[in-house]
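Here's the structure we're looking at; comments come further down.
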């Protein structure tokens with residue numbers, strides 16, 4: 001209000017004077033509550049924590065970790081879904097995509113199992129929205 005009045009009248013009034021005039025005329029500012037941009041949801045199914053922060057594996061293809069990372073370039077985004085083996089911290093498979101969805105994660109998993117036939121690892125994720133969406 002102070003900025004607006006000072007600009008329109010091309011004079012400089014103190015903010016205290018503006019506040020006093022607003023109080024006399026009954027003008028009050030309206031402060032809107034911030035809208036929530038997310039919906040809080042409780043997971044319907046919670047997986048047991050089998051990894052239990054033991055980030056070491058005794059054998060290859062015993063424990064795999066997966067996650068999706070977003071990269072921004074220009075006005076576009078790219079998503080990298082990767083799986084690493086905890087035994088030697090090597091990348092088992094990765095897939096790049098333009099959308100962050102279940103298909104990206106499943107392609108990565110299919111590629112990892114194709115490159116490692118007979119592997120039956122424990123797969124750990126951060127339970128991102130792709131995983132929660134599939135469980136629900």
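The values are calculated or read from the model by the stated rules, or taken from the named source; none is laboratory data. All values reported here derive from a predicted model rather than from experimental measurement. Note: ideal-geometry Cβ built from the backbone for every residue, glycine included; neighbour counts use all protein chains shown.
Values as computed for the structure displayed
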{"read-out": "Residue check, residue 63 touching a strand residue (DSSP E or B) at 6+ places or on another chain (Cβ under 8 Å) and within 15 Å of residue 123 (Cα to Cα)", "value": "yes"}
{"read-out": "Hey, residue 51 over 30 Å from residue 83 (Cβ atoms), surrounded by 10 or more Cβ atoms within 10 Å (Cβ to Cβ) and not assigned by TED's automatic domain parsing to the domain that holds residue 87 or not", "value": "no"}
{"read-out": "Qualifying residue in region 48-57 (condition: touching a helix residue (DSSP H, G or I) at 6+ places or on another chain (Cβ under 7 Å), under 26 Å from residue 104 (Cα atoms) and touching a residue at least 40 places away in the same chain (Cβ under 8 Å))", "value": "no"}
{"read-out": "Residue count, region 92-102 (criterion: over 25 Å from residue 54 (Cα atoms), modelled with pLDDT of 90 or more and surrounded by fewer than 18 Cβ atoms within 10 Å (Cβ to Cβ))", "value": "3"}
{"read-out": "The lone exception for residue 70 - which of (1) loosely packed, with under 10 Cβ neighbours inside 10 Å; (2) at positive phi; (3) in contact with a strand residue (DSSP E or B) (Cβ under 9 Å, 6 or more places away or on another chain) it fails", "value": "(2)"}
{"read-out": "Single unsatisfied condition, residue 14 versus (1) surrounded by 10 or more Cβ atoms within 10 Å (Cβ to Cβ); (2) in contact (Cβ under 8 Å) with a residue 24 or more places away in the chain; (3) not assigned by TED's automatic domain parsing to the domain that holds residue 100", "value": "(2)"}
{"read-out": "Complete set of residues in region 75-98 that are more than 18 Å from residue 113 (Cα to Cα) and part of a loop (DSSP other than H, G, I, E, B)", "value": "75, 98"}
{"read-out": "Residue check, residue 81 surrounded by fewer than 17 Cβ atoms within 10 Å (Cβ to Cβ) and closer than 29 Å to residue 42 by Cβ", "value": "no"}
{"read-out": "Qualifying residues in region 17-40 (those that are assigned to a loop (DSSP other than H, G, I, E, B) and in contact with a helix residue (DSSP H, G or I) (Cβ under 9 Å, 6 or more places away or on another chain)) - the one surrounded by the most Cβ atoms within 10 Å (Cβ to Cβ)", "value": "27"}
{"read-out": "Residue among 89, 63, 107 that alone is on the phi > 0 side of the Ramachandran plot and at pLDDT 90 or above", "value": "89"}
